[in-house]
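I have placed the structure first, in the form of structure tokens, so that the comments after it can refer back to it.
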Amino acid sequence: MSIYTIYVPGHVDQSKIQPCLLDVHSTFVDIDLETFDVNAKLEEHGHFIVLDNDYFLVYEKEHPEGVKCDYKSRNLIMSHMAYGDPFKECLGSPLEEENGIWTCQLLPVLYFVFRPDAQALAPNDGTVSNTIAEFYDTVEEEDFEKFAETARTKESCVSHFFVVNRESDYHVVDTNNPS
């Protein structure tokens, strides 16, 4: 069962958008922005996301106009959405509005997730809320050296370590010493 609904307009190339851990708990729906009815979808879902090329929009009953958000913060914002309005001032929240776009000032951690095990990840576990993800499909693809190179070169994430998840095992790996 999906927890989140994410709408994808026709002009958005979803392959260029950084995945996050909560994608495995999401339903992606292609839409035509000309006929898309925000109010009807708010009644149906209570909250949802619409992707765009450089940011995404969060729609909630408290924010029917949509709130622009930075992609590096998508997993964190989606985690907060499960508990209510992610944009309310709350103690210890790393979210800030900057030039009209909500973002997290803390860089997300890169997780490499074995896709067959991805559904087992807890959707609102605070330890994985500020993350981005790369998914791999076979055990043969689990290559810490290759993962380290990806982590070192990926923009907008912590570059000195990454996490590899398979089954219930989590490996925190130093990018400079991945073996």
Verdict on Asn177 being open to solvent by 40 Å² or more (accessible area, probe 1.4 Å), out of contact with any Phe, Trp or Tyr (no Cβ under 9 Å at 6 or more places or on another chain) and either polar (S, T, N, Q) or at pLDDT 85 or above (or both): yes
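Among the residues that make up region 72-79, is at least one of them open to solvent by less than 30 Å² (accessible area, probe 1.4 Å), within 17 Å of Ile31 (Cα to Cα) and either modelled with pLDDT of 90 or more or not hydrophobic (A, V, I, L, M, F, W, C) (or both)?
Taking every residue of region 72-79 in turn, none turns out to be open to solvent by less than 30 Å² (accessible area, probe 1.4 Å), within 17 Å of Ile31 (Cα to Cα) and either modelled with pLDDT of 90 or more or not hydrophobic (A, V, I, L, M, F, W, C) (or both).
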Hey, any hits in region 94-109 for a residue that's assigned to a strand (DSSP E or B), over 23 Å from Lys16 (Cα atoms), at pLDDT below 85 and touching a Leu at 6+ places or on another chain (Cβ under 8 Å)? yes
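Pull up region 32-56, narrow it to residues that are of a type outside the set (Phe, Trp, Tyr) and open to solvent by less than 30 Å² (accessible area, probe 1.4 Å), then point me to the one that is farthest from Gln119 (Cα to Cα).
Residue satisfying both the conditions and the ranking: Leu42.
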Restricting region 8-18 to residues that are within 27 Å of Asp117 (Cβ to Cβ) and buried (at least 17 other Cβ atoms within 10 Å of the Cβ), the one modelled with the lowest pLDDT turns out to be Gln18
If I filter region 140-161 for residues that are outside any loop (DSSP other than H, G, I, E, B), modelled with pLDDT of 85 or more and of a type in the set (Gly, Ala, Ser), do I get at least one hit? yes
Using beta carbons and a limit of 9 Å, which pairs, at least six apart or on different chains, have the first residue in region 140-163 and of a type in the set (Lys, Arg) and the second one part of a loop (DSSP other than H, G, I, E, B)? Lys146/Pro178; Arg152/Ser159; Arg152/His160; Arg152/Thr175; Arg152/Asn176; Lys154/Gln18
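The values are calculated or read from the model by the stated rules, or taken from the named source; none is laboratory data. Just so we're clear, the structure is a prediction, and the values are computed from it rather than from any experiment. With ideal geometry, Cβ positions are generated from the backbone for all residues, glycine too; neighbour counts draw on all protein chains shown. The area values use the complete protein model at the heavy-atom level, side chains included, leaving out ligands, DNA and RNA. Shrake-Rupley method; radii C 1.70, N 1.55, O 1.52, S 1.80 Å.
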